[in-house]
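Heads up, the thing below is written out as structure tokens.
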Amino acid sequence: MHIHRFERFWIGVSLVAIAIFIATVVIGFSVYDLRVIGAEKTVDPQNLQETKFADPGVRKAEPGSEVDYEVYVMSRQFMFNPGTAEPITVPTDAKIRFHITSPDVLHGFEVVGTNLNTMVIPGQVATFTTRFDTPKTYGLLCNEYCGAAHHVMEGRLKVVSKSQFNEKQLVQ
Amino acid sequence: MDQVPQSSNQSDSNKWLVRILLIIGIGIPVLIELFTFSGLVSSHFFGEAPSATNDRRSETSAKENIPLVKQGDTLFSDTDYPLLVDTLRLEIYPDQWRFIMELKPLWKPNRERSEGVKLTFQNLVTQQQSLEENRVLVWTDNTLDEAEITWILPTGQRPQNAKVTYRSTRQDSLTGTLDIKRHFEFGHVPARYKQ
Amino acid sequence: MTFIDNYPKSAKIAKANFLVAFIALAIGGLFGLIQALHRTGWARNIISSAEYYTMLTGHGVLLALVFTTFFIAGLFVWGVTRSLDREPENMAFSWSWFWIMLIGTLMATVAILGGFVEGSSIRAAVLYTFYPPMQAHPLFYIGAALLIIGSWMAGADWFRSYLAWRKEHPDERIPLQTYMTLFTMLMWYVCTVGVALEVVVLLIPWSLGWVNQIDPLLPRTLFWYFGHAVVYFWLLPAYFVWYSILPKLSGGRLFSDSMARIVFIIFLILSTPVGYHHQYADPGITVGFKFYAMATTLLLLLPSLLTLFTVVASMEHGAKQRGGKGYFAWLGKLPWGEPAFAGCALAGIMFAAGGFSGIINAAMNINILVHNTIWVPGHFHLTVGTAVALTFMAISYWLVPQLTGRKLKNKTLALIQPYLWFLGMTLMSNAMHRGGLAGIPRRTAEPNYSQFDFEAVFGTISEIKWQIAIGGILLTVSLVFFLWVIFNSWFRGERADKPVDDFIPAALSGPEHAPKILDNIKLWVLLAIALVLIAYSVPLAEMVMDGLFSPGAPTIPV
């Protein structure tokens, strides 16, 4: 087959570019710990009252856990619990693991201005770990269409400094 | 064999039109993209430094300190007869959205001083329309009863604000009736799906 | 003599398909304008925010599924007929697939438009991705299934023509246009298996109430098994135009026939196993499979970069035939005053921009920053909304005269149209990408929240909204120009024996230089199936093993 020498050169450049793009993602993954969500566990969306989602909120992690706090968030048409009626409040400088699920339809969980962004799928638990360095209040919104009032689904995530964080508000 | 190029003797006016189209149709997009690129580059190098690993994008400030009526608020706290917003919610039905507000007196007023209070909603403004209907709540017999107002809104409509008149009648020597006109702004009203 | 004189039966069915496509384009485009004005807050009183989602469903279905599928069917009827020099084997069969597709489209459209009727129980505000457990009326799913079944039959029709031709020409290479048609349809068969299983096995029984719960992840995964390959189903016909017609329009010949074939093979084998890149943010799919999809997705850059080379080389050849010189000066010699050429060339330029934002989307962990933000529609309005749609519109200026035997009218409007589209789309898409960086979500009637504000990386949010609204208005004006020109030419154009120059010259490096293995259809199909099995067999088995409808979520009607 005849391939023009310019075209061969172009194919080479293209393959190098593709390799660089893949390497960028791999380096982000391994060096900067920029990960994506994976498969954790499934739940029965019609029987969440038997799980920790029945009493959602911020909890102190079990002793010996690799994280400091666990946050259970129930996303439902059209509110985050917690998040909408009262902000999700977490301290700075602590490892925080989020667990998010939905009893009804698909939702999104986006902490505006960050890379905390996940799908919320009934039957699946979205789990990710993060930490915050500075106190700040973030907006929280649903970014997957979830019904006629989808655009009403919003909330706040409040990061307070470790010293001001009141552990009495935690879910026991 | 090679095709003969298509008609190359375009009229002068067409030539000018093509020039103008190329300048506007491609020139402006190129300018927009250059502006965007320089904006992104300068905000990256000269903007605020990113603070945390998970906080790489532009920051978003949460709205605070805006006096909005929320669930749990106390209204008319400057009077003898303050009212607590017990519930504020939007119920989403397939064919209508209902805005529900439940109010109750914060404490039992002193009977000597107050005879009761009458709260009149003169209207309710949503994004697209204003519902001009008077809705009245009255507390007279010094109970702590909760009173509820429900507005039936067309689907897709959310409450924005309302004009309210608060009238309390005082029995003591100071004054007869106290009239206050207020403008309620509703911020985010939590919504729930109902079937 | 032009197409309609040589192949009157094919011309008739191609015209019928184009007619449906243009009606869908008109309605879907109008919906798009109303959405742009509603979202940006320029006009919130045309529809209510609840109706916005019905309109958004109509916009997506009518443009991304109906306009594209019917236009592609018309284009392929034209391409297969002229490149094999034979009309369909059996016209009754050809008309039957057209009618099945049309009936399916009407059913789905009725279900969607029912959402505008107060109190109607026929509703389908589920958007064009129709993720359960949000449930539309059964008409919607049945209509969608019929549209796909009709498209399968259309593909069978073209294979039938090919086999009949093969009998008479046992030793010839497959003509390029037929080759591209067949490979596009093979890819379509591989990928539509997913959505057909989703709709027929899961969604139709569920929407009819035979089962009362649904596992949301399984249908979503099946949808995306189809959902990325479908974008190549839109794009490959645009490539068909760029490879087989655009070189001629620029006054030259295709640079390399074999490269065109290789590109279509790569799309056949890699288009489907990339579906997880729409599910990077999904819980329930392991990171390893997401990674495999990412590598495959980025490899798909290769055929598009090859296309860039071949198409630009062909255009340079054309320009040099017209007297162009130098490294870049030849660009000025291209026929920028011809609407069909200008539209295809502008669409190609914009596709390059769409490719760049696509690389961001494909890069798994960077994608999370823009997942489900308005960045994503910003991206696909460059690709399907311009690279594909503008190519289709531009080539209509060249095809409709051949199909009707009438000359193009309103040539000045036709010339302004692609430039206006390019300008409008730059404004709208640039602003959507920037809005996405600020975190503004997609698919939202009112991206205004009461508890927080968005902050643009630079500039302001209100300026971004202005750009979107003005861009949307310019696009609508451009669309009206297009529809007016086509309507006028189709029904009032001057009859002519040769309304356009429809001769397509042979490639510079023709099929005689292409290895025979490129035409080995069975080999490439088997390879495609093998790669799909690697990507999908394990995750799908895991999702099915715990019960087809479990973990089951309750049904939520829209």
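The values are calculated or read from the model by the stated rules, or taken from the named source; none is laboratory data. Quick caveat, the model's predicted, so the values are computed rather than measured. Cβ sites come from the backbone with ideal geometry, for glycine too, and all protein chains shown count toward neighbours.
Some observations on this one:
- Sole residue being more than 14 Å from chain B (Cβ to nearest Cβ), outside any helix (DSSP H, G or I) and either out of contact with any Pro (no Cβ under 7 Å at 6 or more places or on another chain) or of a type in the set (A, V, I, L, M, F, W, C) (or both), chosen from C:Arg86, C:Arg44: C:Arg86
- Unmet criterion (only one of (1) at pLDDT 95 or above; (2) assigned to a loop (DSSP other than H, G, I, E, B); (3) under 29 Å from A:Ser65 (Cβ atoms); (4) not basic (Lys, Arg)) for A:Leu140: (2)
- Residues located in the stretch B:86-104, provided they are among the β-branched types (Val, Ile, Thr) and modelled with pLDDT of 90 or more: B:Ile100
- Filter pass, C:Leu163 being within 14 Å of chain A (Cβ to nearest Cβ) and either touching a Ser or Thr at 6+ places or on another chain (Cβ under 6 Å) or at pLDDT 95 or above (or both): no
- Search result, residues across the stretch C:257-290 that are more than 30 Å from C:Ala342 (Cα to Cα), at the interface with another protein chain (Cβ under 8 Å from one of its Cβ atoms) and not hydroxyl-bearing (Ser, Thr, Tyr): C:Gln279, C:Ala281, C:Asp282, C:Pro283, C:Gly284, C:Ile285, C:Val287, C:Lys290
- Subset of the stretch C:530-558 [within 10 Å of chain A (Cβ to nearest Cβ), in a helix (DSSP H, G or I) and either loosely packed, with under 13 Cβ neighbours inside 10 Å or among the acidic types (Asp, Glu) (or both)]: C:Glu542
- Of the residues C:Phe356, C:Phe422, the single one that is under 23 Å from C:Lys465 (Cα atoms), within 12 Å of another protein chain (Cβ to nearest Cβ) and free of Cβ contacts under 8 Å to residues at least 40 places away in the same chain is C:Phe356.
- So C:Leu268, is it within 17 Å of A:Leu15 (Cβ to Cβ), part of a helix (DSSP H, G or I) and hydrophobic (A, V, I, L, M, F, W, C): no
- Selection within the stretch A:128-152 - more than 7 Å from every other protein chain (Cβ to nearest Cβ) and either over 26 Å from A:Ala39 (Cα atoms) or in contact (Cβ under 8 Å) with a residue 40 or more places away in the chain (or both): A:Phe128, A:Thr129, A:Pro135, A:Lys136, A:Leu140, A:Cys142, A:Cys146
- Positions within the stretch C:108-126 being surrounded by fewer than 22 Cβ atoms within 10 Å (Cβ to Cβ) and either assigned to a helix (DSSP H, G or I) or touching a residue at least 12 places away in the same chain (Cβ under 8 Å) (or both), in sequence order: C:Thr109, C:Val110, C:Leu113, C:Gly114, C:Phe116, C:Ser121, C:Ile122
- Residue, surrounded by the most Cβ atoms within 10 Å (Cβ to Cβ), within the stretch C:299-350, restricted to residues that are within 14 Å of chain A (Cβ to nearest Cβ) and assigned to a loop (DSSP other than H, G, I, E, B): C:Leu300
- Meets criteria (surrounded by fewer than 18 Cβ atoms within 10 Å (Cβ to Cβ) and under 21 Å from C:Pro557 (Cα atoms)) for C:Ser96: no
- Filter pass, C:Leu254 being assigned to a helix (DSSP H, G or I), surrounded by 24 or more Cβ atoms within 10 Å (Cβ to Cβ), of a type in the set (A, V, I, L, M, F, W, C) and more than 9 Å from chain A (Cβ to nearest Cβ): no
- Residue in the stretch C:384-396 that is in a helix (DSSP H, G or I) and either surrounded by fewer than 23 Cβ atoms within 10 Å (Cβ to Cβ) or over 20 Å from the mean Cα position of the chain (by Cα) (or both) present: yes
- The listed residue being surrounded by fewer than 11 Cβ atoms within 10 Å (Cβ to Cβ), at pLDDT 90 or above and closer than 30 Å to A:Gly123 by Cβ, out of A:Glu50, A:Glu62: A:Glu62
- Exactly one residue among A:Val105, A:Val25 is crowded, with 18+ Cβ neighbours inside 10 Å, at negative phi and within 14 Å of chain B (Cβ to nearest Cβ), and that residue is A:Val105.
- Test: A:Gly108 is modelled with pLDDT of 95 or more and either more than 15 Å from C:Gln451 (Cα to Cα) or out of contact with any Leu (no Cβ under 7 Å at 6 or more places or on another chain) (or both): yes
- Residues of the stretch C:270-295 that are surrounded by fewer than 23 Cβ atoms within 10 Å (Cβ to Cβ) and among the hydroxyl-bearing types (Ser, Thr, Tyr): C:Thr286, C:Tyr292.
- Pairs where the first residue, in the stretch C:1-26, is assigned to a helix (DSSP H, G or I) and the second is β-branched (Val, Ile, Thr), C-beta under 6 Å, 6+ apart: C:Ser10/C:Val77; C:Ser10/C:Thr81; C:Ala11/C:Ile4; C:Ile13/C:Val77; C:Ala14/C:Val77; C:Ala24/C:Val66
- Residue within the stretch A:114-123 that is in contact with a helix residue (DSSP H, G or I) (Cβ under 8 Å, 6 or more places away or on another chain), facing chain C (nearest Cβ under 8 Å), farther than 26 Å from C:Pro551 by Cβ and of a type outside the set (A, V, I, L, M) present: yes
- The set of residues in the stretch A:52-96 being within 13 Å of chain B (Cβ to nearest Cβ), assigned to a strand (DSSP E or B) and free of Cβ contacts under 8 Å to residues at least 40 places away in the same chain consists of A:Met74, A:Arg76, A:Asn81, A:Ile96.
- Residue satisfying condition, being more than 14 Å from chain B (Cβ to nearest Cβ) and either assigned to a strand (DSSP E or B) or modelled with pLDDT of 90 or more (or both), within set A:Ile3, A:Ile18: A:Ile18
- Scanning the stretch C:40-68 for residues that are under 21 Å from C:Val477 (Cα atoms) and at pLDDT 95 or above gives C:Met55, C:Leu56, C:Gly58, C:His59, C:Gly60, C:Leu62, C:Leu63, C:Ala64, C:Phe67, C:Thr68.
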